[in-house]
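Since the structure comes first, as structure tokens, the remarks are kept for the end.
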Amino acid sequence: MANKLINQMGLPKSIANVFAARNITTAKEALSLTEFELMEVLDMSLADVTSAIARISEITCPPYQTALTLMEQRVQKEHMGGHLPTRLKGLDNALCGGIPFGVLTELVGPAGIGKTQLCLKLALLASLPTAYGGLGGRVIYIDVESKFSSKRMIEMGSKSFPDMFHTKGMAQEMAGRILVLQPASLSEFTESLQQLKISILQNQVKLLIIDSMAALISGEYGQGSARQHLLGWHISFIKSLAEFSRIPVVVTNQVRSQTRDEACQYSFQGQSREKAVEDHTGYDSHLVAALGIHWAHAVTIRLVLDSKSGKRFIKLAKSPISPPLAFPYNITSSGITLLNDDGIELTGPEINSIHCQGHSDIINFDGERFQ
């Protein structure tokens, strides 16, 4: 609204012409000056300046809203936007229906933890007919590391929906709704993104999956400012794509080793520098999300897939509508299945912690915690 043109604000034509003649064309330019400065620049009376600024402010500044109004608008928006159910009851309940439309959802975790397994199941669910709880549309699956497996996805479908998938030709029909792109470089991926807006509309796409974003960025740029600059452009574009198309966008993120400085620098984690250093020396293989804090701020939902002492957990680490929760899970022939639909509410930095096998337990689903 700050860049709204003054000549579109309904000011008297003579007043609007004076603003234009002095090269003050936007609300931001007008409101950046005091009334006395405008009197001098525009050669107008105080009454005329005050009246013009009041009009500009009224149109530019959004009106006050009550919390009730905002809540009603959010409910209406979510109802119109919708969710993609994951068929993981506890997680769907926490997310008020599943993976939300119009925002970025991130899956982060070490290799082999089940990120691609979950992506395959989501692709399957989005392509299902609406009568079976799916979205009845197509899926664009950007397979960066060539991990996509049609065979595994059809196996999940056969085990999860045996009646439907045993119908002749149904497996082929479902597989035909998933469009797989395998960019060989970051430049190819960027070109694909530019064309996605049109493809999403033309092909009735209901889900976009990028597996994995980190592999593209880190593969060519590693660490440093060049990578962060490039990542910033991709973040903005993918977010705008989600908002424009109003479909769920799921992106996987890899992990990397946490440095000693990173273990100490975040004061909001509620521990002193000495304590952080002490804790860090206890597990040098502690892992963090690969794309860094700028990416973390861009995603709306973050699901951390973690493994501790042979047990796997999906941790709802970031969500505007749910407390931090952790759910134990297994990977079966039908895909990821939760062992507990209630989940455990977590506090502190442990909700974002990602550990390698062999370290001491942080979460015990009998309700106890260990250090």
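The values are calculated or read from the model by the stated rules, or taken from the named source; none is laboratory data. Bear in mind the structure is a predicted one, so any value in this text is a computation, not a measurement. Here Cβ is always computed from backbone atoms with ideal geometry, including for glycine, and neighbour counts include all displayed protein chains. These area figures cover heavy atoms from the full protein model, side chains too; ligands, DNA and RNA do not enter into them. Shrake-Rupley method; radii C 1.70, N 1.55, O 1.52, S 1.80 Å.
To keep it simple, each residue is scored yes or no on (1) out of contact with any helix residue (DSSP H, G or I) (no Cβ under 8 Å at 6 or more places or on another chain); (2) closer than 27 Å to Ser333 by Cα; (3) not aromatic (Phe, Trp, Tyr).
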{"position": "Gly112", "(1), (2), (3)": "yes, yes, yes"}
{"position": "Lys121", "(1), (2), (3)": "no, yes, yes"}
{"position": "Tyr132", "(1), (2), (3)": "no, yes, no"}
{"position": "Ser150", "(1), (2), (3)": "no, yes, yes"}
{"position": "Val180", "(1), (2), (3)": "yes, yes, yes"}
{"position": "Phe189", "(1), (2), (3)": "no, no, no"}
{"position": "Gln194", "(1), (2), (3)": "yes, no, yes"}
{"position": "Leu201", "(1), (2), (3)": "no, no, yes"}
{"position": "Leu208", "(1), (2), (3)": "no, yes, yes"}
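Report, by residue number, each residue of region 180-198 that is in contact (Cβ under 8 Å) with a residue 24 or more places away in the chain and either open to solvent by 40 Å² or more (accessible area, probe 1.4 Å) or in a loop (DSSP other than H, G, I, E, B) (or both).
Val180, Leu181, Gln182, Pro183, Ser185, Lys197
Find the helices (runs of 4 or more DSSP H) located wholly in region 1-111 whose residues include 2 or more that are open to solvent by less than 20 Å² (accessible area, probe 1.4 Å) and without any contact (Cβ under 8 Å) to a residue 60 or more places away in the chain, and list them.
Passing ranges, in order: 13-21, 27-31, 35-42, 46-60.
Scanning region 295-345 for residues that are of a type in the set (Gly, Ala, Ser) and part of a strand (DSSP E or B), we see that the one that is nearest to Lys151 (Cα to Cα) is Gly335.
Within region 118-137, not a single residue is β-branched (Val, Ile, Thr) and modelled with pLDDT of 90 or more.
Scanning region 129-179 for residues that are assigned to a strand (DSSP E or B) and either open to solvent by 60 Å² or more (accessible area, probe 1.4 Å) or not hydrophobic (A, V, I, L, M, F, W, C) (or both), which turns out nearest to Ile209 (Cα to Cα)? Top of the filtered list is Tyr141. Among the residues of region 199-217, those that are open to solvent by 30 Å² or more (accessible area, probe 1.4 Å) and touching a residue at least 40 places away in the same chain (Cβ under 8 Å) comprise Ser199, Leu201, Asn203, Gln204, Lys206.
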